[in-house]
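Working notes for the structure below.
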Amino acid sequence: MADISAWRVNDVVAFEAMRESATMLTALLLHGSTDGRQTLSGAIDEVTKLRESVLKTDSDDRAEVSRLAKSIERRIVQLRDSQP
């Protein structure tokens, strides 16, 4: 008999929401490099680290997905608060 998966539909929703937030953060970081708030190399470094974090996150690990999502949201708030 096959084991029943612990996967739930809301886990997919949470993972996809985290990925969408990562896309938003990427856009904000790159925009910040065009208006002088951040260097392009700094933005690329941060985007690279972000992408690596997203790609290595286990979509079945809800705690890990939530942790990364909160981290991304904090950074989005920081960037939005620093906009002129």
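Restricting the search to the stretch 30-84, which residues are of a type in the set (Asp, Glu) and in a helix (DSSP H, G or I)? Within the stretch 30-84, ASP45, GLU46, GLU52, GLU64, GLU73, ASP81 qualify.
Of all the residues in the stretch 75-84, those that are more than 15 Å from THR26 (Cβ to Cβ) and of a type in the set (D, E, K, R) number 1.
Could you please let me know if THR57 is among the hydroxyl-bearing types (Ser, Thr, Tyr), in contact with a Leu (Cβ under 6 Å, 6 or more places away or on another chain) and at pLDDT 90 or above?
Criteria met by THR57.
The values are calculated or read from the model by the stated rules, or taken from the named source; none is laboratory data. Since the structure is predicted, the reported quantities are computational estimates derived from the model, not experimental observations. Ideal geometry is used to build each Cβ from the backbone, glycine not excepted, and the neighbour counts take in all protein chains shown.
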